Structures are given as C-alpha cells and as structure tokens.
Amino acid sequence: MLLIEKLFIFGFCSFLGDFMKMIFVTSNKGKVEEAKKYFSSLGVRIIQKEVEYPEIQANTLEEVAEFGINWLKDKIRCPFFLDDSGLFIEALNGFPGVYSAYVYRTLGNEGILKLLEGIENRKAYFKSVIAYYDGEIHKFTGKTSGRIIHRKRGSGGFGFDPIFQPEGFGKTFAEMTTEEKNRISHRGKAFKAFSEWLKENLI
C-alpha cells in the first residue's frame, strides 16, 4: 500500500483527540486489559472489537495469526491487530500449542495438570504472535520459558496463568500484577516489539 493511502486511513481511523486509537480484535478481556496497561503510557487508546473468525488447524501461531488477518481485513475498515498465543509443554511434545484456546475451553488447567500427573519434566513456554494490519501484515513475537507447577496458584490473569511459573520467578503469572506480568510475559515482549515499531513508524 502506498504511504499516502496509509496516511489517509490513519487520518480517519486511528486518532481520537490527542490519542492514537488501536483496534484490538479479541473476545478476551484479559488480553485487552494487558494491552491497555502497556500502551497507555504511549498515548495509545486500545479499542476492543469482538469479531469471531474461524480457528484453523495449522502448525504455527504465525499461520493462525496471518489467517485471522486475511479473514478480517475486508470486514474491518481501520487498521487493527490481533494476538494468537499458545502454551507449549515439552513433555507433551508441544501440546497444546496452537490449540491452547480450545484446550483451555475444554480441559482447563485441571485437564493439563491431569495429563502431567507423574511426569517429572515440567518445562514449558508461552509464545505470542501479534499481527497488525494497516494495508500490510506486520508480525511481532514474544516467548517466555518456565514450568508447569503441580497445582493452581493465584487469582489474577487468565487462561493457563495459574499453572505457569516463569523461569527465574517464584510466582505464577496469576500471582503477578498486570504490570509485573507485562514486563516478562510472552505477550508483553510482543507488545514491546510492536510498540517499538509503532514509535519508529507512526507515533
């Protein structure tokens, strides 16, 4: 897309008074809260937009995110971004991985703990892929290694946060404040890469 076309889109879609507006396509309010906390200091206002799009079978989060962008790009008239994240457990050969959202809805944390009963290797990592569309697709990734603990701890966060303890920390994600989690989490790292790109290109 030509620069003049991008500027035209941004002029009409991406500013609310003194704030830059960013549309975040997700039904996950926890993700929205993390994004708002992260981007508020940059003068960016996060606007949640709930639009259901098909979940595909794919090998990577990047493929899932790109599919989502391509499915949504003709339905949303302004620049937008989405996030696809997954929990990858070493002893389960990377499961649930790209199927994390579905597995959480069907098995929950208890189901994952059940699958790991008697297994000594608890290594795991979270990965996030943020895909942003402004006429072109831009992808930003983040990864945090850690381990699956033996029982849920903490009441914050969402998803698998109560059973994931990041490497080098004594707390699970669910025991951290949003600000603490954003500093070290997979999504926080992807947000950081995204924000650096925004500062260089738009803000």
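Odds and ends about this structure:
Condition check ((1) under 24 Å from Ile56 (Cβ atoms); (2) touching a helix residue (DSSP H, G or I) at 6+ places or on another chain (Cβ under 9 Å); (3) touching a residue at least 12 places away in the same chain (Cβ under 8 Å)) across all residues:
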{"site": "Tyr99", "(1), (2), (3)": "yes, no, yes"}
{"site": "Leu107", "(1), (2), (3)": "yes, yes, no"}
{"site": "Lys114", "(1), (2), (3)": "no, no, no"}
{"site": "Thr141", "(1), (2), (3)": "yes, yes, yes"}
{"site": "Gly146", "(1), (2), (3)": "no, yes, yes"}
{"site": "Arg153", "(1), (2), (3)": "no, yes, yes"}
{"site": "Phe160", "(1), (2), (3)": "yes, yes, yes"}
{"site": "Leu202", "(1), (2), (3)": "no, yes, yes"}
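- Subset of region 49-93 [closer than 26 Å to Pro166 by Cβ and assigned to a strand (DSSP E or B)]: Phe81, Leu82, Asp83, Asp84, Ser85, Gly86, Leu87, Phe88, Ile89
- Residue identified as within 15 Å of Gly30 (Cβ to Cβ) and not charged (D, E, K, R) among Gly154, Gly170, Gly142: Gly154
- Test: residue in region 124-144 that is crowded, with 17+ Cβ neighbours inside 10 Å, farther than 22 Å from Val32 by Cα, touching a strand residue (DSSP E or B) at 6+ places or on another chain (Cβ under 6 Å) and at pLDDT 95 or above: yes
Per-residue answers, yes or no, for (1) farther than 22 Å from Ala190 by Cα; (2) surrounded by 14 or more Cβ atoms within 10 Å (Cβ to Cβ); (3) out of contact with any strand residue (DSSP E or B) (no Cβ under 9 Å at 6 or more places or on another chain):
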| residue | (1), (2), (3) |
| --- | --- |
| Pro54 | yes, no, yes |
| Val64 | no, yes, no |
| Phe80 | no, yes, no |
| Phe88 | no, yes, no |
| Leu92 | yes, yes, no |
| Val103 | yes, yes, no |
| Thr106 | yes, no, yes |
| Ile112 | yes, yes, no |
| Gly118 | yes, no, yes |
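The values are calculated or read from the model by the stated rules, or taken from the named source; none is laboratory data. These figures come from a predicted structure and were not determined experimentally. Here Cβ is always computed from backbone atoms with ideal geometry, including for glycine, and neighbour counts include all displayed protein chains.
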